[in-house]
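What follows is a set of notes on a single structure, which appears directly below.
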Amino acid sequence: MFTKAKNLETAFRHVRGFTMLVVLGCIGFCCFAIYKSYQLVDETQDKVYILASGKVLDAYASERNENIPVEARDHVATFHRYFFTLDPDDKVIQSNLVRALYLADVSAKTQYENLKESGYYASIISANISQQISIDTVEVKTEDYPYQFRCVASQRIIRSTSIVTRRLVTEGFLRSVSRSDNNPHGFLIERWTTLENKDINVQNR
């Protein structure tokens, strides 16, 4: 009888030990599963899906400080493309200039008003002139705030009798502002000035 009791006690100990191992294993597995779930959620939150031309593309979120030089250069280039891309169509001119003026302060508006008062835009329409711009380089100094930039570009002024190529050099400063549909980069160009705008080539048509 004592032998049977001893065997039962031993068996109970084994069962209890096995049960404890199973419970600890389940707890460990649950903790691991929860940890991996949170890790997956964090990775998913850093991923953005972009729909472009019917295709889904992956993009990854990052701190803005990592992207300031890239976004700043693109902001400056975008502003110059809108401001200096002109065609002999009043609606096209107004559309581009409105977009450009959302990206800069009163310094750009002043230049626009000076050009308008001098009849520059009217002459483009009346003479059927097209103006295109190609951005060569945009340098942004991010060491100090607001960020100073310099833009070097080439302009092509296409007339009925000639194509004039100009070298354009401008500079200014970038201040951070809230992002919006009209200003997706979240920068505002300040104290924008033209350092150089001269003809470098004239080609007869």
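Structure values in brief
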{"quantity": "Largest-first principal axis extents of the Cα set of region 69-204 (Å)", "calculated": "46, 29, 22"}
{"quantity": "Residues with amide H under 5 Å from that of ASP87, placed H, sequence gap 5 or more", "calculated": "ILE93, GLN131"}
{"quantity": "GLY186 long-range amide H proximity, modeled H, under 5 Å", "calculated": "SER180"}
{"quantity": "Net charge, ILE133 excluded, C-beta distance under 9 Å - Lys, Arg +1, Asp, Glu -1", "calculated": "+2"}
{"quantity": "Cβ-based charge dipole, region 97-175, positive-most Cα from VAL169, VAL152, GLN132", "calculated": "GLN132"}
{"quantity": "Neighbourhood net charge (9 Å Cβ-Cβ; Lys/Arg +1, Asp/Glu -1) for SER154", "calculated": "+2"}
{"quantity": "For a label point 7 Å along the Cα-to-beta-carbon line of ARG205, residues of region 113-132 with backbone N under 17 Å", "calculated": "123-132"}
{"quantity": "Accessible area (Å², 1.4 Å probe, nearest 10) - LYS109", "calculated": "100 Å²"}
{"quantity": "Prolate/oblate/rounded label for region 114-160 (Cα gyration tensor, a/c 1.5)", "calculated": "oblate"}
{"quantity": "Computed accessible area, HIS14, all protein chains, 1.4 angstrom probe, square angstrom", "calculated": "130 Å²"}
{"quantity": "Ranking by accessible area, most exposed first, for ASP181, ASP144 with a 1.4 Å probe", "calculated": "ASP181, ASP144"}
{"quantity": "3J(HN,Hα) from dihedral phi, region 25-35, Karplus parametrisation 6.51/-1.76/1.60, rounded to Hz, x for glycine, proline", "calculated": "x, 5, 4, x, 5, 5, 4, 5, 5, 5, 4"}
{"quantity": "Accessible area (Å², per residue) of region 69-204, counting only protein heavy atoms and a probe of 1.4 Å", "calculated": "54 Å²"}
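The values are calculated or read from the model by the stated rules, or taken from the named source; none is laboratory data. All figures in this text were calculated on a predicted structure; none of them were measured in a lab. Every residue, glycine as well, gets a Cβ built from its backbone with ideal geometry; the counts of neighbours run over all protein chains shown. Accessible surface areas use protein heavy atoms only, side chains included; no ligands, DNA or RNA. Shrake-Rupley method; radii C 1.70, N 1.55, O 1.52, S 1.80 Å.
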